[in-house]
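Participant: Handing you this structure, nothing more for now.
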Amino acid sequence: MSNVSDAYSREDRAGNAGSRADRAAVTAGTAPAVGRGGRLRAGSADPGATRLDRRGALVGLLTVGGTVAAGAAAAVWREGGASRRRDDSVAATGRTTRVTVGVEGMRFVPDTVEVPVGDRLEVTLDNTGDQVHDLVLRLADGTTASTGRVAAGERGSLEAGVVTGPLEGWCSIAGHRAQGMVLQVTASGRSTSSPSAASAARGAVPDYAATLPDDVAAFDAALAPAEPVTVHEHTFTVTEQSMYVGGGVTQRRMTYNGQVPGPVLRGKVGDTFRITLVNDGSMSHSIDFHAGVVPPDEVMRSVGPGESLVYEFEAQRSGIWLYHCSTAPMSVHLASGMYGAVIIDPPGLAEVDREYLLIQSEIYLGPEGDETDADKVSAKTPDLLAFNGTAFQYRDRPLVAAPGERVRIWVLDAGPSLPTAFHAVGLQFDQVFSEGAWTLGGPEEIGAAWSGGGQALGLQPAQGGFVECVPPAPGTYTLVSHAFADMEKGAMGYLRVTA
């Protein structure tokens with residue numbers, strides 16, 4: 001057994017509220033023409049032109065005169081407190097092109113804008129979507145300009161300086177760029193091909209032998225019985241913070257109540273759960289309880305920073321149920337830590353000596369200390385897998401039991417994308433409950449007549465159940481996903497049995 005143990009140790013609901021009118025507006029001497037695919041051409045700016053802001057007030061444009069011309073002739077200009085040098089081969093026109101970009105679903109509208117070479121460019125983001133967005137534009141010198149985070153219904157702006165060639169912009173909210181929130185700025189008079197983006201920083205490389213730091217607590221997998229109440233009231237506060245994720249790596253995670261996974265809820269059929277969701281994060285978030293049967297329109301809606309909602313449901317059926325953030329892209333929010341479990345005990349559930357919860361999830365590493373890599377999430381290529389949010393934590397801080405004790409382990413696959421096959425090395429399961437039904441054991445003693453047993457609990461994403469076993473003797477029993485490539489990336493731990 002020791003040799004074996006040693007071997008194991010090595011929908012977007014958020015976007016599309018329906019069709020909207022094209023919200024792009026460019027201040028130009030000639031009328032802008034919007035072509036197919038959301039492309040917008042801009043002519044030369046008219047110094048005397050005017051426009052209406054979003055409140056209907058008339059705003060005069062900057063006068064292009066001697067001051068602007070003088071500034072354009074300078075070799076060095078200052079924007080946002082940082083000095084940047086122009087491409088000296090491009091003559092500044094002294095004109096300013098102003099563009100307003102709206103949001104539809106997870107797209108900028110328009111998503112392509114053409115600007116005359118030599119014009120200064122100012123971009124306004126009119127957030128016509130229903131969650132927080134921003135716009136970051138990579139400039140010719142490799143630096144970036146940003147609107148900052150813009151709440152739904154609000155506006156933000158950035159200055160890009162003199163356009164010397166094509167530029168690329170994107171929304172920097174986790175996962176939004178991968179979902180298609182990209183803006184192309186082409187420059188008339190120069191190649192309209194997209195700029196080669198600066199090489200993306202390589203994601204952190206995990207060290208699978210790294211141990212859980214002394215100052216990082218393992219998630220407490222031990223389960224307490226359900227509280228003897230019929231109404232369960234809880235507040236879930238969303239925060240975004242740096243957390244250790246395993247493999248020697250720290251990432252910026254999205255959390256419910258500052259923990260991954262979120263709080264574990266437990267009750268019985270007929271109980272009411274009343275959850276107040278408070279968004280203290282920097283972007284839109286939401287929550288979806290699989291344990292409830294409710295219209296999703298209101299309770300699962302995204303709420304912006306500083307907002308809250310109350311989500312109430314009655315538990316109608318037993319099982320272990322996933323909850324997670326349902327703000328687009330859901331895969332990125334979930335992979336960043338926004339998930340948890342609701343356990344509704346089936347009638348007739350017997351008492352056991354030990355009871356644990358293991359929620360498997362995938363971790364897609366961005367650079368050290370940075371956010372989840374949305375491209376890896378889309379490709380389903382995780383760097384780590386974890387039980388209860390941190391890879392390998394129960395290898396370093398094992399679960400415990402005594403010989404002859406009955407141990408129940410609830411297992412939930414949070415995903416967002418990969419299945420699991422939960423297995424305990426050296427043990428067999430005599431009770432198996434999966435997706436609301438006993439397949440072995442239970443009050444009807446299914447399988448007892450033919451001495452049935454189980455070796456793995458197979459689960460797809462969002463599925464769950466429990467297994468029970470009785471360790472016969474002291475030893476270290478390894479708990480794994482029998483998808484071994486996932487086990488080797490962190491979906492494993494030990495059950496240490498001592499007399």
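Each reported figure results from applying straightforward, stated rules to the coordinates on display, with no laboratory input. Values in this document were obtained by computation on a predicted structure and should not be read as measured data. Cβ coordinates were reconstructed from backbone atoms using ideal geometry, including for glycine residues, and neighbour counts include every protein chain displayed.
Participant: Rounded, prolate or oblate, given the Cα gyration tensor of the stretch 269-427, with a/c below 1.5 counting as rounded?
Facilitator: Since a/c reaches 1.5 but b/c is at least a/b, the shape of the stretch 269-427 is classed as oblate.
Participant: Compute the orientation-averaged projected area for the stretch 276-318 from the convex hull of its Cα atoms and round it to one decimal in nm².
Facilitator: If I average the Cα hull's projected area over directions, I get 3.0 nm².
Participant: If Lys and Arg each add +1 and Asp and Glu each add -1, what is the summed charge of the other residues whose beta carbon sits under 13 Å from the beta carbon of T147?
Facilitator: My count for the surroundings of T147 gives -3.
Participant: Simple spin-label model, 7 Å along Cα-to-Cβ: Q241 to T144 in nm?
Facilitator: The answer from the label model is 2.5 nm.
Participant: Let me have the relative contact order for the stretch 246-352, percent, based on Cα pairs under 8 Å that are six or more residues apart.
Facilitator: It rounds to 36 percent for the stretch 246-352.
Participant: For the stretch 454-499, treating each Cα as an identical point scatterer without solvent, what Debye log10 I(q)/I(0) comes out at q = 0.31 1/Å?
Facilitator: So the normalised log intensities work out to -1.21.
Participant: Given a cut-off of under 8 Å on Cα pairs at least six residues apart, what relative contact order in percent is computed for the stretch 232-274?
Facilitator: Here the relative contact order equals 41 percent.
Participant: If R0 is 41 Å, what FRET efficiency do you get for A217 and A91 from their C-beta distance, rounded to 0.05?
Facilitator: Calculated transfer efficiency: 0.10.
Participant: Please say if the stretch 96-153 is rounded, prolate or oblate, where rounded means a/c under 1.5 for a ≥ b ≥ c the square roots of the C-alpha gyration tensor eigenvalues, and otherwise the choice is prolate for a/b larger than b/c and oblate otherwise?
Facilitator: The shape class here is prolate.
Participant: Multiplying the sequence separation of A499 and D207 by 0.36 nm and subtracting their Cα-Cα distance, what value in nm do you get?
Facilitator: That pair, A499 and D207, stretches by 101.8 nm at full extension.
Participant: Something else now. Based on the alpha carbons, how large is the Rg to Rh ratio for the stretch 208-338 when Rh follows Kirkwood?
Facilitator: Checking Rg against Rh, the ratio lands at 0.99.
Participant: Same structure, new question: Near the amide H of H285, under 5 Å away, which other amide H atoms are found, from residues 5 or more places off or on another chain, if H is placed in the peptide plane?
Facilitator: Close amide H contacts, sequence-distant or interchain: V303.
Participant: Relative contact order for the stretch 236-302: what is it in percent, counting Cα pairs under 8 Å that are at least 6 residues apart?
Facilitator: 30 percent
Participant: Also, quick follow-up: In units of 2.2 N^0.38 Å, what is the alpha-carbon radius of gyration of the stretch 313-399?
Facilitator: 1.32
Participant: Amide H of G337 versus every other amide H placed in the peptide plane: which residues, excluding those fewer than 5 positions away on the same chain, fall under 5 Å?
Facilitator: M254
Participant: With a cut-off of at most 14 other beta carbons within 10 Å, and DSSP calling the residue loop, which GluC sites (Glu not before Pro) in the stretch 383-470 qualify? Please list them.
Facilitator: E405, E435, E444, E445
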